[in-house]
1. So, Lys73, is that one within 22 Å of Glu200 (Cα to Cα) and at pLDDT below 85 or not?
2. Looking at Ser234, Ser170, Ser229, which is the one that is of a type in the set (Gly, Ala, Ser) and modelled with pLDDT of 90 or more?
3. Among the listed residues Gly141, Gly106, which satisfies the condition of being more than 29 Å from Lys211 (Cα to Cα), assigned to a strand (DSSP E or B) and either hydroxyl-bearing (Ser, Thr, Tyr) or modelled with pLDDT under 90 (or both)?
4. Six or more apart or on different chains, Cβ under 7 Å: which pairs go from a residue in region 130-141 that's under 14 Å from Thr202 (Cβ atoms) and surrounded by fewer than 15 Cβ atoms within 10 Å (Cβ to Cβ) to one that's hydrophobic (A, V, I, L, M, F, W, C) and at pLDDT below 95? Could you list them?
5. Taking region 183-211 as the region of interest, how many residues are β-branched (Val, Ile, Thr), touching a Leu at 6+ places or on another chain (Cβ under 8 Å) and under 14 Å from Ser88 (Cβ atoms)?
6. Go through region 194-226 and give me each residue that's at pLDDT below 90 and closer than 30 Å to Asp57 by Cβ.
Amino acid sequence: MQRRTVMLVISALCLAALLNVGGLAQGKMKDEINQSQKAAEVFREIMGIPEKSIPRDVLDRAECVAVFPQVIKAGFIVGGRGGRGVASCRTTTGWSAPAYFNLGGGSIGLQIGAQATDFVLLFMNRDGMKSLLSDNFTLGGDASVAAGPVGRQAGAETDLKLDAQILSYSRSKGLFAGLELKGVVIKPAKDDMRDVYGRELTAREVLEENKVTAPEPVRVFPNTLAQFSTRGASAAK
C-alpha cells in the first residue's frame with residue numbers, strides 16, 4: 001500500500017514537472033504565438049470578403065506568403081515604418097513551419113501623425129522566394145514589387161502584375177488594396193526564431209529546407225494559409 005502511494009506521488013510529481021516545462025516553453029514564445037495568431041487573423045479577415053480579397057488564382061501561384069500585422073508608420077518631418085511579421089512557403093508536404101521577420105523603412109517629407117497598417121506580401125516565383133530566404137532585402141531594390149490585384153480581377157491586368165517577384169497589399173482603416181511598397185527592408189527576426197525553435201535558425205532552414213517541426217501553437221498561420229489555397233493545401237509541418 002505504501003509502495004503504491006509512493007509510486008502515485010512520484011507519478012504526480014513527474015506529470016507536474018512535465019506540465020511546468022511545457023508551460024515555461026510556451027511562456028517563452030508567448031509573443032511569437034501571438035504574432036502567428038494575429039497574422040492568421042488578418043489573413044482570414046482579408047480573405048473573408050471575396051469581392052475585396054486576394055484573388056484565389058493569384059494566391060495559388062504564390063510560393064510564399066508573409067503577413068505583417070499592425071505595422072506602425074509614424075513621424076514628424078522624418079518618418080518611418082516598423083513592424084514584425086510571419087511567413088510560410090510551400091513545400092512538397094504543404095506549407096512550411098512559420099519564420100519570423102522584422103520590417104523597417106524610413107521616409108523623408110512633410111508628415112505628422114501615426115497609423116497602423118496590415119501588410120501582406122505574396123512571393124510569386126523562385127526569385128522572389130530567394131529574397132525572403134536571404135539575410136535581408138529591400139522591396140523595390142533587391143526584389144521587384146508591384147501592387148497586387150484585388151477581388152475578382154482577371155485577365156491582362158492581373159497577368160502583367162504576376163511578372164513581379166513580389167505582390168504587396170495593405171489594409172488600413174478597413175480598406176484593403178494593392179500597394180506598391182518600396183524602400184522597406186525585411187530581415188529575419190533571429191530572437192523570435194530562437195524562442196520558437198530552441199536554436200538560432202536561418203529563414204532558409206525553416207522555410208525551404210524544412211529542418212524543423214513547428215510547435216503546435218505557432219502553426220495557426222500556415223494552417224490558415226492551407227485553408228484558403230487549393231494548391232498544396234496540406235497543414236504545416
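The values are calculated or read from the model by the stated rules, or taken from the named source; none is laboratory data. Model, not experiment: these values are computed from the prediction. As a convention, Cβ positions derive from the backbone with ideal geometry for all residues, glycine included, and neighbour counts pool all protein chains shown.
1. The answer is no for Lys73.
2. Ser170
3. Matching residue, one of Gly141, Gly106: Gly106.
4. From region 130-141, the pairs are Asn136/Val185; Asn136/Ile186.
5. First pass over region 183-211, keeping only residues β-branched (Val, Ile, Thr): 184-186, 196, 202, 206.
Subset that is touching a Leu at 6+ places or on another chain (Cβ under 8 Å): 184-186, 202.
When the remaining residues are screened for being under 14 Å from Ser88 (Cβ atoms), the result is none.
The qualifying residues number 0.
6. Matches in region 194-226: Glu209, Asn210.
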